[in-house]
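Since the structure comes first, as structure tokens, the remarks are kept for the end.
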Protein chains: 2
Amino acid sequence: MSAHPRFSLNQATIKRASLAEAIEAARAAEIPSVGVWREPVAEVGLDAATRLIADSGLRVSSVCRGGFFSLPEGPERAAALEDNRRAIDETAALAAAGAKGSAAVLVLVAGGLPRGSRDLGGARERVRDALGALEPDAASAGVTLAVEPLHPMFAADRAVVSTLAQAIDLAVEAGPAVGVVVDTYHLWWDPDVLAQIARAGSLGRIAAYQVCDWVTPLPADVLLGRGLPGAGHIDFGPMTRAVADAGYSGDIECEIFNAEVWARPFGDVAAAASAAFSRVVAPHF
Amino acid sequence: MSAHPRFSLNQATIKRASLAEAIEAARAAEIPSVGVWREPVAEVGLDAATRLIADSGLRVSSVCRGGFFSLPEGPERAAALEDNRRAIDETAALAAAGAKGSAAVLVLVAGGLPRGSRDLGGARERVRDALGALEPDAASAGVTLAVEPLHPMFAADRAVVSTLAQAIDLAVEAGPAVGVVVDTYHLWWDPDVLAQIARAGSLGRIAAYQVCDWVTPLPADVLLGRGLPGAGHIDFGPMTRAVADAGYSGDIECEIFNAEVWARPFGDVAAAASAAFSRVVAPHF
């Protein structure tokens, strides 16, 4: 069965695949678009990666990921900012290599509290400052930096950006080349999420929409507790309709972190994700 | 060392103690106040429990817990509401038995999504309706119903009330006998929490303040991942000052769900919780 024309397979869903294998799995499932991760790009080098993408005929819906810039001033922070500048350039190159309709969107995960620090407010200010520093680079490269609010259970160790409202505020303060990621898994619990999706849309800031389900019980490693759409507790209707009503017309990624999913053959996972998307998400836009 | 005069030991912190053992542990550590759970009260019966409390000279800072009323209409929901009415009466009796300064506060956990349901909005409406139905009973018993927003990672399976803003909205809509619980563990990540604490105070709705730390990595059962103040990532200064500035002058409970803490002798835990509170929380009010 052909995939939905706006469906994109985020590479994290088949984490163990090389870029070539991910492209093959997407094409075999007739999926038109992929979300690319930097690690498998680095494995083959950027030039080879852009050729693979160009030859595939696939769109690139996003590049994952930059960020991790909540550290205080010092060499580690400087290195993180430099790495983000490289990621901006990679994003521009990969999106240019993708088929028409590709999006030059770099997904950013803010980073957690620095080791031993309890200064959540300070970490959030440093994320704001980093976005301000990187925005001109992104703008001149034609890249959108997409701030991804992560579920609050990751606030200490992965991302001090925890709500869509906060991500929108950061994007607006940083400038026009910064947007937000709406990810159902991270945001579904928020009583304010539909209003904030509308707000993000009215400000032209929705850079990506990712779908993934919340399953219980959470696994021992909560990072890996994500399910295919339909496997968990999320009603994809309200958020999907809100994203559509907010004017987002780009690709929609399925991004799953799940050890059991990762253990399955890449082609099976691609087909299952595509089918789940068609069944559970696509009817709502 | 004598405990801080506003410190209260929530019984969940020494979950395996009977009411008599909890009282003994609190008195041995010179803790002036306890948060009582209904299960150990039921073990001895309400009359015996109120005598134990009265004889102890301790204050009662809250009774845990009611709620779990997110179910749709039917016998289970009716039974939950009846159980909450019994809990209101128990709260009134236990607070009356406690020393001067006891608080007739019943902590409410909303309940999660009903089995098989993905209708988060509907579950939240039913919580609102249940609070509206119970408010007159609480008011006539002189009891405050304290809605506790739980961390968003519990939204599916324990509590569809996930933010302080949402809890305040529910309290205001239900009426003057409904307030909110501010618990550092559940709320520390919220970029809006200090503003919402101020709002709750200005509306006279802070019914309880509970302290508990967020530790990583989360354990396999995330319900049991709570630490003594100082053991984790939370800066207790900003929230504690905000609660004080908002006019809250009641007891402050330490409530820990942690399998390792539960395995230790009750007296040791009571003393450790008291010392942690004096060191990490008390300096901020």
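The values are calculated or read from the model by the stated rules, or taken from the named source; none is laboratory data. Quick caveat: nothing in here was measured; it's all calculated off a predicted structure. Every residue, glycine among them, receives a Cβ derived from its backbone with ideal geometry; neighbour counts consider all protein chains shown.
With the requirement that a residue be away from every other protein chain (no Cβ under 14 Å) and touching a helix residue (DSSP H, G or I) at 6+ places or on another chain (Cβ under 9 Å), what does the stretch A:185-209 give you?
Taking the stretch A:185-209 and keeping what is away from every other protein chain (no Cβ under 14 Å), we get A:197-209.
Of everything in the stretch A:185-209, those that are away from every other protein chain (no Cβ under 14 Å) and touching a helix residue (DSSP H, G or I) at 6+ places or on another chain (Cβ under 9 Å) turn out to be A:ILE197, A:ALA198, A:ARG199, A:ALA200, A:GLY201, A:LEU203, A:ARG205, A:ILE206, A:ALA207, A:TYR209.
Can you tell me which condition B:LEU120 does not meet? The list is (1) within 14 Å of chain A (Cβ to nearest Cβ); (2) within 18 Å of the chain's Cα centre (by Cα), and all the others hold.
It fails just one condition, (2).
Could you tell me which residue of the stretch A:210-228 is nearest to A:ALA242 (Cα to Cα), considering only residues that are more than 8 Å from chain B (Cβ to nearest Cβ) and in contact with a helix residue (DSSP H, G or I) (Cβ under 6 Å, 6 or more places away or on another chain)?
The qualifying residue nearest to A:ALA242 (Cα to Cα) is A:VAL211.
Only residues that are among the hydroxyl-bearing types (Ser, Thr, Tyr) and farther than 17 Å from A:VAL180 by Cα: list them for the stretch A:43-87, please. Don't jump to the end; show me each part of the working.
Filtering the stretch A:43-87 down to residues among the hydroxyl-bearing types (Ser, Thr, Tyr) leaves A:50, A:56, A:61-62, A:70.
Within the stretch A:43-87, A:THR50, A:SER56, A:SER70 qualify.
Which numbered condition trips up B:TRP189, out of (1) in contact (Cβ under 8 Å) with a residue 40 or more places away in the chain; (2) in contact with a Ser or Thr (Cβ under 8 Å, 6 or more places away or on another chain)?
Every condition holds for B:TRP189 apart from (1).
Cβ-Cβ under 8 Å, sequence separation 6+ or interchain: first residue in the stretch B:150-164 and closer than 16 Å to B:ARG115 by Cβ, partner of a type in the set (D, E, K, R). Which pairs?
B:ALA159/B:GLU148; B:VAL160/B:ARG124
Which ones in the stretch B:52-74 are under 28 Å from B:ARG264 (Cβ atoms) and either outside any helix (DSSP H, G or I) or out of contact with any Ser or Thr (no Cβ under 9 Å at 6 or more places or on another chain) (or both)? Give the steps one after another, and end with the answer.
Applying the first criterion (under 28 Å from B:ARG264 (Cβ atoms)) to the stretch B:52-74 yields B:52-53, B:55-65.
The answer is B:LEU52, B:ASP55, B:SER56, B:GLY57, B:LEU58, B:ARG59, B:VAL60, B:SER61, B:SER62, B:VAL63, B:CYS64, B:ARG65.
Could you run through the stretch A:241-284 and say how many residues are of a type outside the set (A, V, I, L, M), over 20 Å from the mean Cα position of the chain (by Cα) and assigned to a loop (DSSP other than H, G, I, E, B)?
Residues that pass the stated criteria total 2.
When the residues of the stretch A:1-15 are filtered to those that are among the hydrophobic types (A, V, I, L, M, F, W, C) and under 11 Å from A:ALA271 (Cα atoms), which remaining residue is surrounded by the most Cβ atoms within 10 Å (Cβ to Cβ)? Outline the logic, then answer.
Initial filter on the stretch A:1-15 (among the hydrophobic types (A, V, I, L, M, F, W, C)): A:1, A:3, A:7, A:9, A:12, A:14.
Subset that is under 11 Å from A:ALA271 (Cα atoms): A:1, A:3, A:9.
Working: A:MET1: 9, A:ALA3: 22, A:LEU9: 32.
Among them, the one singled out is A:LEU9.
Would you tally the residues in the stretch A:217-240 being surrounded by 18 or more Cβ atoms within 10 Å (Cβ to Cβ), part of a loop (DSSP other than H, G, I, E, B) and not hydrophobic (A, V, I, L, M, F, W, C)?
Adding up the residues that qualify gives 5.
Given the options A:LEU150, A:LEU81, name the one that is outside any helix (DSSP H, G or I) and among the aliphatic types (A, V, I, L, M). Give the steps one after another, and end with the answer.
Numbers: A:LEU81 fails: outside any helix (DSSP H, G or I).
Exactly one residue qualifies, and that residue is A:LEU150.
Where residues in the stretch B:135-170 are charged (D, E, K, R) and under 17 Å from B:VAL222 (Cβ atoms), which of them is surrounded by the fewest Cβ atoms within 10 Å (Cβ to Cβ)?
Per the stated criteria, the residue is B:ASP157.
Has the stretch A:132-145 got at least one residue that is acidic (Asp, Glu), away from chain B (no Cβ under 14 Å), part of a helix (DSSP H, G or I) and more than 15 Å from the chain's Cα centre (by Cα)? I'd like the intermediate steps shown before the answer.
First, pick out the residues of the stretch A:132-145 that are acidic (Asp, Glu): A:135, A:137.
Then keep just the ones that are away from chain B (no Cβ under 14 Å); that gives A:135, A:137.
Applying the additional criterion that residues be part of a helix (DSSP H, G or I) yields A:135, A:137.
Restricting the remaining residues to those that are more than 15 Å from the chain's Cα centre (by Cα) gives A:135, A:137.
For the stretch A:132-145, residues acidic (Asp, Glu), away from chain B (no Cβ under 14 Å), part of a helix (DSSP H, G or I) and more than 15 Å from the chain's Cα centre (by Cα): present.
Whether any residue in the stretch A:232-255 is within 10 Å of another protein chain (Cβ to nearest Cβ), over 23 Å from A:THR13 (Cα atoms) and modelled with pLDDT of 95 or more is what I want to check. Full working, then the answer.
First pass over the stretch A:232-255, keeping only residues within 10 Å of another protein chain (Cβ to nearest Cβ): A:232-238.
From the residues that got through so far, the ones that are over 23 Å from A:THR13 (Cα atoms) too are A:238.
With the extra rule that they be modelled with pLDDT of 95 or more, the set shrinks to A:238.
Within the stretch A:232-255 (the criterion being within 10 Å of another protein chain (Cβ to nearest Cβ), over 23 Å from A:THR13 (Cα atoms) and modelled with pLDDT of 95 or more), the answer is yes, since at least one residue qualifies.
In the stretch B:192-219, which residues are farther than 28 Å from B:ALA259 by Cβ and either among the β-branched types (Val, Ile, Thr) or in contact with an Asp or Glu (Cβ under 8 Å, 6 or more places away or on another chain) (or both)?
Step one: of the stretch B:192-219, the residues farther than 28 Å from B:ALA259 by Cβ are B:192, B:194-207.
B:GLN196, B:ILE197, B:ALA198, B:GLY201, B:ILE206, listed by residue number.
Go through the stretch A:109-158 residue by residue and tally those that are among the small types (Gly, Ala, Ser) and at pLDDT below 95.
Restricting attention to the stretch A:109-158, the residues satisfying the condition of being among the small types (Gly, Ala, Ser) are A:110-112, A:116-117, A:121-123, A:130, A:132-133, A:138-142, A:146, A:155-156.
Filter once more, so that each one left must be at pLDDT below 95: A:116.
Of the residues in that region, 1 qualify.
Kindly check whether there is at least one residue in the stretch B:179-197 that is over 27 Å from A:PHE154 (Cα atoms) and in a helix (DSSP H, G or I). Break it down into steps so the answer makes sense when it comes.
Within the stretch B:179-197, the subset over 27 Å from A:PHE154 (Cα atoms) is B:179.
Narrowing further to those that are in a helix (DSSP H, G or I): none.
No, the conditions are met nowhere in the stretch B:179-197.
Considering only the stretch A:241-281, how many residues are surrounded by fewer than 17 Cβ atoms within 10 Å (Cβ to Cβ) and in contact with a Phe, Trp or Tyr (Cβ under 6 Å, 6 or more places away or on another chain)?
Number of matching residues: 1.
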